[in-house]
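Chemist: Questions regarding the structure given below will be posed in turn.
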Amino acid sequence: MKQIRKWSRILHRDFGFLFIGTSIIFGLSGIALNHLADWNPNYSVENKQFKTDIELRKNITTDQNIRALVNSIADTDDMRKYYYPEGNRIKIFLKGGSSIIVNTDNGMGRIELLKRRPLFYQSNFLHYNPNRWWTWFSDAFSASLILFALTSFFMVKGKRGVWGSGGIYTLIGIIIPILFLIFS
Amino acid sequence: MKNRIQTSVMIASILLLISCGSEKAPVSEMATISLDLLQEEAPKHVNQTIKISGIADHVCKHGGKKILLVSNENNVHVFSKERFDENLVGQELIITGILGENIIDESTFQKWEEDANTIEDHASKISSLEYVTVMRDSLKASGKDYFSDYYVDYISHQITE
């Protein structure tokens, strides 16, 4: 038992240090993504209405006219593509995910300006498992979470250990999800 | 010190796990389909590897594994096993993928109705049921037995200028 306790402490400590950064990333993005219905965790979104006299119906100067609109409304010339989702509606994409939609009949439009949320954007990107390499690394992190749980049983002895208050906390942590499953 | 070295070796071993590369099946006689003419051209290419181009309108914000590819006349969903880069939005892409087809028929409408009836919000429920009615009437008017909802299972993409 002495050896098990010793190794539990060593593994818990060293893997704990190794995954401090990853824990913060997954913790932060976990909270952010839990509330997807309430906010956009990657971008802050600003919507502005406008009216334009620029002719945006399909014609020989469409490209030029669209650029003029983008310059005047978005204060940028960093435009991507555009298309007409309906006959009288044009959608123009800007770099960075922002977009403009205009009714070509009456010139009424809306610009949706997206701005990346620092830290959240990067954390969410990683949480969403961007590629195979990250899959392996995050699998190692997940396995370490199991390791943390198992080693915590043996790290402390006495009344603060698994046969004392530690055991009560463990039971509470197991009962809460079970109750949730029963009553949800 | 010995323990520390042993622990370090264990950590390094886990981090050095290397994934196997996946091989894609060879593709022969790949058809290029116009997104504008998807409904006309798709039936003869279902379950085949195709190329299709369009503008990425948005990447699904929940999983990031679905793109809506659009043109002036049409749109199609592209599904991937891995997350798409959000930076693709607004760019014109040539997608290589396998064309799939979902059949929308009376049994689909019944399923939609069942799902709609479970919606608690009254306005959403009515709206969903109305949509089913519109679709059912539309199918009847078309004289067909079913509608085809085409999609693409993503293999790769190119960005066009």
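The values are calculated or read from the model by the stated rules, or taken from the named source; none is laboratory data. As the structure is a prediction and not an experimental result, all values here were calculated from the model. Cβ atoms come from the backbone with ideal geometry, glycine included; neighbour counts cover every protein chain shown. These area figures cover heavy atoms from the full protein model, side chains too; ligands, DNA and RNA do not enter into them. Shrake-Rupley method; radii C 1.70, N 1.55, O 1.52, S 1.80 Å.
Chemist: Would you mind stating whether B:Asn47 is open to solvent by 70 Å² or more (accessible area, probe 1.4 Å), at pLDDT 90 or above and in a loop (DSSP other than H, G, I, E, B)?
Modeler: So B:Asn47 fits the description; yes.
Chemist: Still on this structure: Filter the stretch B:54-80 for residues that are part of a strand (DSSP E or B) and open to solvent by less than 50 Å² (accessible area, probe 1.4 Å) and give the result.
Modeler: B:Gly54, B:Ile55, B:Ala56, B:Asp57, B:Val59, B:Ile67, B:Leu68, B:Leu69, B:Val70, B:Val76, B:Val78, listed by residue number.
Chemist: Working only within the stretch B:133-161, note down all residues that are within 18 Å of B:Lys44 (Cα to Cα) and of a type in the set (Val, Ile, Thr).
Modeler: Within the stretch B:133-161, just B:Val152 meets the criteria.
Chemist: Looking for whichever is assigned by TED's automatic domain parsing to the domain that holds A:Ile111 and either open to solvent by 80 Å² or more (accessible area, probe 1.4 Å) or β-branched (Val, Ile, Thr) (or both) here; the options are A:Ile54, A:Ile24, A:Ile20. Which one fits?
Modeler: A:Ile54
Chemist: If you don't mind, another one. Any residue in the stretch A:127-143 that is at pLDDT 90 or above, within 15 Å of A:Ile20 (Cα to Cα), open to solvent by 30 Å² or more (accessible area, probe 1.4 Å) and more than 9 Å from chain B (Cβ to nearest Cβ)?
Modeler: Yes; the residues of the stretch A:127-143 include at least one that is at pLDDT 90 or above, within 15 Å of A:Ile20 (Cα to Cα), open to solvent by 30 Å² or more (accessible area, probe 1.4 Å) and more than 9 Å from chain B (Cβ to nearest Cβ).
Chemist: Looking only at the stretch A:93-116, decide whether some residue is under 27 Å from the mean Cα position of the chain (by Cα), within 13 Å of chain B (Cβ to nearest Cβ) and aromatic (Phe, Trp, Tyr).
Modeler: Within the stretch A:93-116 (the criterion being under 27 Å from the mean Cα position of the chain (by Cα), within 13 Å of chain B (Cβ to nearest Cβ) and aromatic (Phe, Trp, Tyr)), the answer is yes, since at least one residue qualifies.
Chemist: Looking at the stretch A:87-100 only, could you name the residues that are at pLDDT 90 or above and open to solvent by 40 Å² or more (accessible area, probe 1.4 Å)?
Modeler: Selection gives A:Asn88, A:Arg89.
Chemist: Moving on to the next point. Would you mind stating whether B:Lys144 is part of a loop (DSSP other than H, G, I, E, B) and either under 14 Å from the mean Cα position of the chain (by Cα) or surrounded by 13 or more Cβ atoms within 10 Å (Cβ to Cβ) (or both)?
Modeler: no
Chemist: Next up: Using the structure shown, decide if B:Phe84 is out of contact with any Pro (no Cβ under 6 Å at 6 or more places or on another chain) and farther than 23 Å from B:Asn47 by Cα.
Modeler: Here the answer is no, as B:Phe84 does not meet what is asked.
Let's see how each residue does on (1) at pLDDT below 95; (2) of a type outside the set (S, T, N, Q):
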position: B:Gln6; (1), (2): yes, no
position: B:Ala25; (1), (2): yes, yes
position: B:Glu29; (1), (2): yes, yes
position: B:Ala56; (1), (2): no, yes
position: B:Val70; (1), (2): no, yes
